[in-house]
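Contents: one structure, followed by commentary.
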Amino acid sequence: MSATSVGVRWAIVLVLVTTAIVGTTAASVASEPIRLCVAESGRYLVHADGRPFFYLGDTAWELFHRLDREEAERYLANRAAKGFTVIQAVVVAQLGGLADPNPYGAVPFADKDPARPDEAYFTHVDYIVEKANEVGLVVGMLPTWGSYWKAGSGIFNAQNARVFGRFLGRRYKDRSILWILGGDENVRNDTERATIEAMATGLREGDGGVHLMTYHPRGPGLSSDYFHQAEWLDFNMVQSSHGARDHDNGLFAEHDYLLEPVKPTLDGEPRYEGIPVGFYNAGVDREFRFDDYDVRQAAYWSLLAGACGHTYGHNSVWQMWQPGRTPVIWASTPWHESLDCPGATQMGHVRRLFESRPFQKLVPDQSMILDGPTYGGAKIRAARANDGSFAFIYSPRGEPFTLRVNVIRTSMIRQTWFDPRDGSVRPLHTTDTPGFQTFVPPTRGRGCDWVLVLDDATAKFPPPGRSE
């Protein structure tokens, strides 16, 4: 079977699965915006009615700026079919976002004045937001890239940032939106802090506080270092960045998990598929790039360390690169061809695994691992349900590990291997012995990652990665 036919087959399957997961029609999504809240536990995001929301994001920073309407619909349909739930995109984009017009000849502001938004530009943003919502996607909207609010060089200040925030808040109050401030920059002085605080205030004034808000820091960095105590910051976001293979981004989630007050956290920019490893370091090999294994490892490490969701990214997709545009960070494959890279499809397997169990019950628990790799690329990470009904244990290199199986509080324990590459399962054993047990994954080595799922056999859970 050709790669093309395989991709088509998976696209059809994923559309059907996503429709079942979302459980709604495009029309109902458009008429009933997705309203998100922080769960009572403070660890996860939920719908307004209390249903868990699994944040599976994709970075499409240049979506509003570079894609025309047909291209945007193609992109959004692809991401919805793969199971993504959030699209992270920037209104005032990084790559010439002030002066280079969108496909219809419009720029965000008249004379680069944030108090004078251009209606034609925002009509295009409106269209993309509406189409995203119609296919069940929440837009993680960044008002501006960070370079535009930096003191001494940007166009935003505390006065016009509040005005612009109020404008955005009012305009998208009735859409399925998350606000993401920051835009790959950290606050360095009081002037910059005042600008961010003012924009947050404006957004709240505009939308009445109906949308959650977070902050996208420069990487490697954490929003909690700057704004954890801020009233407007509903959940934390980290950028574990693109510096090296086997960088344990679970450490960021561990850090935020211990903070007070309790707030959800997630990795909003981990290593991108197809981006050169450590591209910002001197002497980098531009052909040495992160692959699908790297992005899988980042997802499972972070989620099992306590994150409420995860974000994927691809080097060509974030910038919507295609021939004729200057490539950034050595992008080499057109964005529309990069949509179906294996890592993107495998993020759907991540979501389906977690949603096949009440994932909001998960708490990270490294103490259940008695033996096995504790550092480096093979590091085992584990999380268990707070009621003892199930547990996920991730072995990035297929290395054996020993567990305290009695974290599953039941008379019969079902053990299953979940394959992160294709979402398949391999039943292992059902036992009434809750002692210490060593598990040997089916394969071993780089790219041979596995998730062990331990279940209370009496709970009648579906196979891992399958819906009820």
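The values are calculated or read from the model by the stated rules, or taken from the named source; none is laboratory data. Please read these numbers as outputs of a predicted model, since none were measured by experiment. Methodologically, a virtual Cβ is constructed for each residue, glycine included, from the backbone with ideal geometry; neighbour enumeration extends over all protein chains shown.
Computed values, structure above
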read-out	value
Any hit, segment 399-406, residues being in contact with a strand residue (DSSP E or B) (Cβ under 7 Å, 6 or more places away or on another chain) and in a helix (DSSP H, G or I)	yes
Hey, Trp301 in a loop (DSSP other than H, G, I, E, B), aromatic (Phe, Trp, Tyr) and either under 19 Å from Leu76 (Cβ atoms) or modelled with pLDDT of 95 or more (or both) or not	no
Long-range neighbours under 6 Å by Cβ, at least six apart or interchain, first residue not assigned by TED's automatic domain parsing to the domain that holds Gln297 within segment 255-268, second among the aliphatic types (A, V, I, L, M)	none
Pair list, Cβ < 7 Å and 6+ apart or interchain, from segment 36-65 residues that are in contact (Cβ under 8 Å) with a residue 12 or more places away in the chain and closer than 17 Å to Asp234 by Cβ to residues that are among the acidic types (Asp, Glu) and surrounded by 15 or more Cβ atoms within 10 Å (Cβ to Cβ)	Val38/Asp234; Phe54/Glu355
Residue in segment 188-210 that is surrounded by the fewest Cβ atoms within 10 Å (Cβ to Cβ), counting only those that are in contact with a Pro (Cβ under 9 Å, 6 or more places away or on another chain) and either in contact (Cβ under 8 Å) with a residue 60 or more places away in the chain or more than 24 Å from Tyr127 (Cα to Cα) (or both)	Val210
Condition broken by Ile380, with the remaining ones in (1) touching a strand residue (DSSP E or B) at 6+ places or on another chain (Cβ under 8 Å); (2) surrounded by fewer than 20 Cβ atoms within 10 Å (Cβ to Cβ) satisfied	(2)
Qualifying residue in segment 274-297 (condition: touching a Phe, Trp or Tyr at 6+ places or on another chain (Cβ under 7 Å), under 30 Å from Thr201 (Cβ atoms) and surrounded by fewer than 24 Cβ atoms within 10 Å (Cβ to Cβ))	no
Residue count, segment 428-442 (criterion: more than 15 Å from Ser395 (Cβ to Cβ), without any contact (Cβ under 8 Å) to a residue 40 or more places away in the chain and surrounded by 12 or more Cβ atoms within 10 Å (Cβ to Cβ))	3
Residue satisfying all of: in segment 348-377; in a strand (DSSP E or B) and β-branched (Val, Ile, Thr); surrounded by the fewest Cβ atoms within 10 Å (Cβ to Cβ) among these	Val363
Selection within segment 52-71 - surrounded by fewer than 23 Cβ atoms within 10 Å (Cβ to Cβ) and in a helix (DSSP H, G or I)	Arg69, Glu70, Glu71
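Listed here are the residues, each with its yes/no results for (1) without any contact (Cβ under 8 Å) to a residue 12 or more places away in the chain; (2) part of a strand (DSSP E or B); (3) among the basic types (Lys, Arg).
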| site | (1), (2), (3) |
| --- | --- |
| Arg79 | no, no, yes |
| Val91 | no, yes, no |
| Leu95 | no, no, no |
| Asn102 | no, no, no |
| Val107 | no, no, no |
| Tyr121 | no, no, no |
